[in-house]
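Note sheet for the following structure.
The values are calculated or read from the model by the stated rules, or taken from the named source; none is laboratory data. The structure presented is a predicted model; accordingly, all values stated were derived computationally and were not measured. Virtual Cβ from ideal backbone geometry, glycine too; neighbours counted across all protein chains shown.
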Amino acid sequence: MHFGEVMTMAIVFYSIISFVKILSAHFLKRKIIHSGHFEKAGILDQVNEPEQRVNYDLFPALKWGLVAFFGGLGLIIIELAGASNPIFSEYESTMPFGIFLVFVALGFLVYYFMMSNKMKKQ
């Protein structure tokens with residue numbers, strides 16, 4: 001599989017999930033309104049109250065710096081794996097994309113845990 005095929009599958013999957021989520025929220029909200037509970041129809045809105053929302057995006061430069069660092073680390077590991085094992089770079093797979101995305105996700109997770117620990121200390 002090529003990168004374009006993987007991206008197409010991901011976009012289609014995300015579109016289907018988003019459509020089902022929006023449609024189910026619409027029908028549920030419609031059912032609540034038809035039952036006469038107008039005041040409870042806003043319960044499905046995704047907007048949280050400002051005092052209840054925890055703002056984890058306090059340091060956006062740190063977040064994107066960590067993501068770029070771990071993404072670069074993933075690319076270095078892909079390159080090293082290709083240099084030490086030539087079949088790795090010749091084999092047509094999505095493994096390099098997987099390695100890169102795992103390291104980017106690891107960067108986000110490190111940032112999340114750093115910010116959640118900072119929030120707990122406050």
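A few points about this structure:
- Test result for Ile32, surrounded by 11 or more Cβ atoms within 10 Å (Cβ to Cβ), modelled with pLDDT under 80 and either in a helix (DSSP H, G or I) or not aromatic (Phe, Trp, Tyr) (or both): yes
- Taking the listed residues Val102, Val110, the one that is under 24 Å from Glu5 (Cα atoms), at pLDDT 80 or above and outside any loop (DSSP other than H, G, I, E, B) is Val102, with no other qualifying.
- Long-range neighbours under 6 Å by Cβ, at least six apart or interchain, first residue touching a residue at least 40 places away in the same chain (Cβ under 8 Å) within segment 105-122, second buried (at least 16 other Cβ atoms within 10 Å of the Cβ): Gly107/Leu66; Gly107/Val67; Gly107/Phe70; Val110/Leu66; Tyr111/Lys63; Tyr111/Leu66
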